[in-house]
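The values are calculated or read from the model by the stated rules, or taken from the named source; none is laboratory data. Since we're looking at a predicted model, the values are computed, not measured. Methodologically, a virtual Cβ is constructed for each residue, glycine included, from the backbone with ideal geometry; neighbour enumeration extends over all protein chains shown.
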Amino acid sequence: MGSKSGFAKPAGIAMLAMSSLAFAASLTQVSNWGNTDTGVSMYIYVPDRVATNPPVIVAIHPCGGSAKEYFTLTRLPSYADSLGFILIYPQTTKDSNCWDCYSSASNTHNGGSDSKAIVAMVTYTLSKYNGDASKVFSVGSSSGAMMTPILMAAYPDVFAGGAGFSGVPAGCFENATSSTPSSPDQSCARAQKNFTAQQWGDIARAEYAGYTGQYPKMQVWEGTADTLVYIGNLQAQLDQWGNVMGLSFSHNETNTPQSGYTKIVYGDGTRLVGYSAAGVGHFVPFHETDVLNFFDLLDGTSTGTSTQPSGPASTSGASGGPSCTAAHWVQCGGIGYSGCTVCASPYSCQVLNNYYSQCL
């Protein structure tokens, strides 16, 4: 789908960044985008002013989430307005709205399932909007951060880079019965695979056997206090992609991009970095400027700001909600939310940000 060499910012993006126009674009569901899997749907955000040959970012929701909810969880739409890139929001309704990160089909180039469906969305978008095939990226949180490395491994010819917040290595769930938090096999999420860097690298390379091109750049974020996706998955992912890219650990940068975070740099830091967030639970706050800078879509340095709080906090649910019970992984609160605010026992409503709380 085109070379990924060179990440210079198009002139159109620079001009759009200067614009002060009011924007009226909205998240829109797309039909007839080239997939027959009824369990997966496509939503897209196209800003009012699109850059010439716009970059494309796929933003993948967590378990229990949706395209519309993930659209509200980051400031990416605002950046799309000013920079002119296009956002794709895939949505799954299978397995408690968790992505298929376990099947051989999803973990194989052109094998099918969710990963191929997402690539079909990219193909549709590049064609319809004359997108830049060398600037296609994926970001995700939790289950979305588990799908992102699969896309990098199974479709390195499509994606130029990925960023995962609270995820696992590519192929980590393969051969399990599911990749949901309720799966009886939690050895992946709990970082109990204990593979070497070479083994992790081989798992990633096997997803597209015979591929000889450059692999996408990777940015990995994990919280040290995460009790769902254990912190050991940070090093496992760095081991995997360091082996795939032939990069070694270089150095750490403490309190970067904010206090309590440690940036872990491989090579010169342009292709592989990790972030360990001290005391942060599930999931790690989304840092838009750090992600976009890593993708070479912004000029400048990190502001150290994020959309979400430093970790999920417990709440009994907003007052005034209907007297009903929300199931495990279902939304239970947030600005504009009007559904059930009390979680089924033994779960509690955890605040992920001002717009989204979830039964965990």
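For the residues 295, 283, the requirement of being modelled with pLDDT under 95, in contact with a strand residue (DSSP E or B) (Cβ under 6 Å, 6 or more places away or on another chain) and not acidic (Asp, Glu) singles out 283. Residues in the range 178-188: is at least one in the same structural domain as residue 97 (by TED's automatic domain parsing) and within 20 Å of residue 274 (Cβ to Cβ)? Scanning the range 178-188, I find at least one residue that is in the same structural domain as residue 97 (by TED's automatic domain parsing) and within 20 Å of residue 274 (Cβ to Cβ), so the answer is yes. Quick one: what pairs do we get from the range 269-287, first residue over 13 Å from residue 259 (Cβ atoms), second part of a strand (DSSP E or B) and at pLDDT below 95, C-beta under 7 Å, 6+ apart or different chains? So the pair list comes out as 283/352.
Has the range 107-116 got any residue that is of a type in the set (Gly, Ala, Ser) and closer than 19 Å to residue 134 by Cα? The answer is yes; a qualifying residue exists. Among the candidates 138, 187, 142, the residue that is hydroxyl-bearing (Ser, Thr, Tyr) and surrounded by fewer than 22 Cβ atoms within 10 Å (Cβ to Cβ) is uniquely 187.
Just to check your reading of the model, which residue among 131, 65, 144, 112 is in the same structural domain as residue 283 (by TED's automatic domain parsing) and at positive phi? Being in the same structural domain as residue 283 (by TED's automatic domain parsing) and at positive phi holds for just one of 131, 65, 144, 112, which is 112. Given the criteria free of Cβ contacts under 8 Å to residues at least 60 places away in the same chain, polar (S, T, N, Q) and over 22 Å from residue 219 (Cα atoms), does residue 113 qualify? So residue 113 does not fit the description; no.
Within the range 270-295, being surrounded by 17 or more Cβ atoms within 10 Å (Cβ to Cβ) and more than 16 Å from the chain's Cα centre (by Cα) holds for 271, 276, 277, 280, 281. Among the residues making up the range 112-133, a single one is modelled with pLDDT under 95 and assigned to a loop (DSSP other than H, G, I, E, B): 112. None of 153, 145 is in a helix (DSSP H, G or I) and in contact with a strand residue (DSSP E or B) (Cβ under 9 Å, 6 or more places away or on another chain) except 145. Each residue in the range 227-261 was checked for being crowded, with 17+ Cβ neighbours inside 10 Å, of a type in the set (Val, Ile, Thr) and either part of a strand (DSSP E or B) or not assigned by TED's automatic domain parsing to the domain that holds residue 169 (or both), and 0 of them qualify. Within the range 122-132, the only residue that satisfies the criterion of being surrounded by 22 or more Cβ atoms within 10 Å (Cβ to Cβ) and either under 20 Å from residue 179 (Cβ atoms) or small (Gly, Ala, Ser) (or both) is 131. Restricting 22, 51, 8 to residues that are over 22 Å from the mean Cα position of the chain (by Cα), at pLDDT 50 or above and in a loop (DSSP other than H, G, I, E, B) narrows the list to 51. Reported count of residues in the range 73-111, each being surrounded by fewer than 24 Cβ atoms within 10 Å (Cβ to Cβ), outside any loop (DSSP other than H, G, I, E, B) and of a type in the set (S, T, N, Q), is 3.
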